[in-house]
Amino acid sequence: MVIRLYNSLSRSLEELRPLRPGKVTMYHCGPTVYSSPHIGNFRSFLFADVLRRFLEDQGLVVTQVMNVTDVGHLTLDDIEGGEDKLEAASKQTGKTAWEIARQYEAEFHDCQRQLHVRLPHHMPRATDFIHQMGEIIDDLLQKGVAYERNGNVYFEVAKFPAYGQLSGKVLDELEAGARVAVNEEKKDPRDFALWKVDSKHQMQWDAPWAGGARGFPGWHIECSAMATHYLGDQIDIHTGGEDNIFPHHECEIAQTEAHTGRRFVSIWMHARHLLVDGTKMSKSLGNFFTVADVLRQGYSGLELRYALVRVQYRQSLNFTLKGLDEARSAIARVQQARQRLVRVRDGLDLPGVDDLDAAVQQANAAFTAAMSEDLNVSEALAAVFEFVNQCNRGAPSIAAAKAGLVVFARFEDVLGCFGSEPKADTTADAPPELLALLAQRTAAKKAKDWAAADALRDRIAAAGWRIVDAPGGARLEKA
RNA sequence: GGUCCCGUAGCCAAGUGGUUAGGCAACGGAUUGCAAAUCCGUCUACCCCAGUUCGAUUCUGGGCGGGACCUCCA
């Protein structure tokens, strides 16, 4: 199956042709660990996760690298002598920048776990790569595409003609941009920092090249260092949020390609920002959600994952609490269909004669086709639910149940938002007191004391379980 | 101001130059003691105006509306 992905650089769908057949290298711009991860962050990271899962589903061997930015990116204020994100958080909390970084890095990993993210193979910290950044900076200085002013080192954009290709920024207009603070040190306003000197900065290192001043790395160099370190000079796919296109990825291309002399990335992929209640998520509008916020409201990681993954990554998904409720219902529908198959397979329910062959084939083919076309998850989900309906309406044989469960396992393997295969019967997992109530209800039903039976059912429901009445008897499911 | 994306039934959201996407919700029926789950059915839409075409939701142009980026941001 040909996999086509949208390349931001060419602004078109391109067939994925790995540099080394059968293997795909991916680099993802990861979190800046100065605050709690929010749902927008994870829209982007879950997109990367689904991409990786689908490529593996297609038999490709994937190597994933995601950086942890613990140096902090400079804020706008920094241009005028302010501080970076980590430094700012440090001042507010009284903790050191290092403590802040480690705290939020741990929280990020926790979110990854809760959202069922398959962990990237490498998650390097920027602060562990100061030396490698220095080597690149030194090389760029040697090559004459970077220059030093008062210890600060800048990349000279004029020396890299392709600058602006990714973002489509017209250079002349950039120069006149109103939000660009004047920096007399730069030869050109577009030049960007590779190394900065600021004696007040908490995180500082001796310059890792001869003759350099003590300071800290600039905005973009970490990704070049870590990507090339783990994956080589050329990588297949590089992802990030759409905001990364400019300036971050534009600068990354410039400095990396100037350094290696080779094309850095084959396919650039960018996730569209999500909207919350139809508008941009922001703290001032009060529609800002961290991952923890959502989980605290009683939604599961799977439900949040479903809500963030169900729309194709290049569409501006509209996140709502109602959407989470919909996710809950949708997941339940899938899991109920799976459980039905499990019960047939395990001999708890009578098998039928339907073989499901056509449905299995159709579901797999439609799912693959949808995902192959730039990860069209919405369309892939339609294939999933079409299959749910096929399973539910028929009377699957034992062989069909087995085959159907393989299909569902595959869907779960790629999307990861349904959960593991349901147990055939969860009654035994319920607390003993609920089992006692269930027994009482069964007795009440036998005595045709409907009022008592219904009252008992209500009590069980209040405890978070629901009764499933079936021909073989009633059982309990976690609601 | 520059660049770009989008506007699909109650809500979310695919897709197509002419054949019911899907999910959630709602309603009717089957099933059930009543429910839950499930099945069947109903609600069947493409912002507006021109143009191209035998035919446009789908292509072109204009308008209106929403959103994004333009050195904090996934």
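For this structure, a couple of remarks:
- Checking the stated criteria, A:Ala443 turns out not to satisfy the condition of being open to solvent by less than 70 Å² (accessible area, probe 1.4 Å) and away from RNA strand B (no atom under 14 Å from the Cβ).
- For A:Asp346, the criteria (1) within 13 Å of RNA strand B (Cβ to nearest atom); (2) open to solvent by 20 Å² or more (accessible area, probe 1.4 Å); (3) not β-branched (Val, Ile, Thr) hold in every case but one, which is (1).
- Options A:Phe411, A:Phe418, A:Phe387: the member that is part of a loop (DSSP other than H, G, I, E, B) and either surrounded by 12 or more Cβ atoms within 10 Å (Cβ to Cβ) or touching a Leu at 6+ places or on another chain (Cβ under 9 Å) (or both): A:Phe418
- The residues in region A:324-336 that are surrounded by 19 or more Cβ atoms within 10 Å (Cβ to Cβ) and either near RNA strand B (Cβ under 7 Å from one of its atoms) or among the polar types (S, T, N, Q) (or both) can be counted, and the count is 2.
- If only residues of region A:427-440 that are over 12 Å from A:Gly473 (Cα atoms) and out of contact with any helix residue (DSSP H, G or I) (no Cβ under 9 Å at 6 or more places or on another chain) are counted, the one that is most open to solvent (accessible area, probe 1.4 Å) is A:Glu433.
- The residue list A:Arg393, A:Arg457, A:Arg466, A:Arg475 contains one member that is near RNA strand B (Cβ under 9 Å from one of its atoms), in contact with a strand residue (DSSP E or B) (Cβ under 7 Å, 6 or more places away or on another chain) and closer than 30 Å to A:Leu356 by Cβ, which is A:Arg466.
- Failed item, numbered, when A:Phe411 is tested on (1) under 18 Å from A:Phe54 (Cα atoms); (2) near RNA strand B (Cβ under 10 Å from one of its atoms): (2)
- Only residues that are part of a helix (DSSP H, G or I), out of contact with any strand residue (DSSP E or B) (no Cβ under 9 Å at 6 or more places or on another chain) and among the hydrophobic types (A, V, I, L, M, F, W, C) were counted in region A:320-358, giving 10.
- The set of residues in region A:17-37 being assigned to a loop (DSSP other than H, G, I, E, B) and open to solvent by 20 Å² or more (accessible area, probe 1.4 Å) consists of A:Arg17, A:Pro18, A:Leu19, A:Pro21, A:Gly22, A:Tyr34, A:Ser35, A:Ser36.
- Residue count for region A:54-68 satisfying the condition of being of a type in the set (Val, Ile, Thr) and either surrounded by fewer than 22 Cβ atoms within 10 Å (Cβ to Cβ) or farther than 20 Å from A:Gly241 by Cα (or both): 3.
- Of the residues making up region A:214-242, just one is among the charged types (D, E, K, R), crowded, with 21+ Cβ neighbours inside 10 Å and either modelled with pLDDT under 95 or within 16 Å of RNA strand B (Cβ to nearest atom) (or both), namely A:Glu222.
- Cross-chain or 6+ apart pairs with Cβ under 8 Å, region A:409-431 first and free of Cβ contacts under 8 Å to residues at least 40 places away in the same chain and over 20 Å from A:Val309 (Cα atoms), then among the aliphatic types (A, V, I, L, M) and open to solvent by 40 Å² or more (accessible area, probe 1.4 Å): A:Pro431/A:Ala463
- Scanning region A:285-299 for residues that are under 23 Å from A:Met26 (Cβ atoms) and among the small types (Gly, Ala, Ser) turns up nothing.
- Restricting attention to region A:38-53, the residues that are farther than 18 Å from A:Asn318 by Cα and either open to solvent by 10 Å² or more (accessible area, probe 1.4 Å) or not assigned by TED's automatic domain parsing to the domain that holds A:Gln112 (or both) add up to 2.
The values are calculated or read from the model by the stated rules, or taken from the named source; none is laboratory data. Keep in mind the model is a prediction, meaning the values are calculated, not measured. Note: ideal-geometry Cβ built from the backbone for every residue, glycine included; neighbour counts use all protein chains shown. These accessible areas exclude ligands, DNA and RNA; they are computed on the full protein's heavy atoms, side chains included. Shrake-Rupley method; radii C 1.70, N 1.55, O 1.52, S 1.80 Å.
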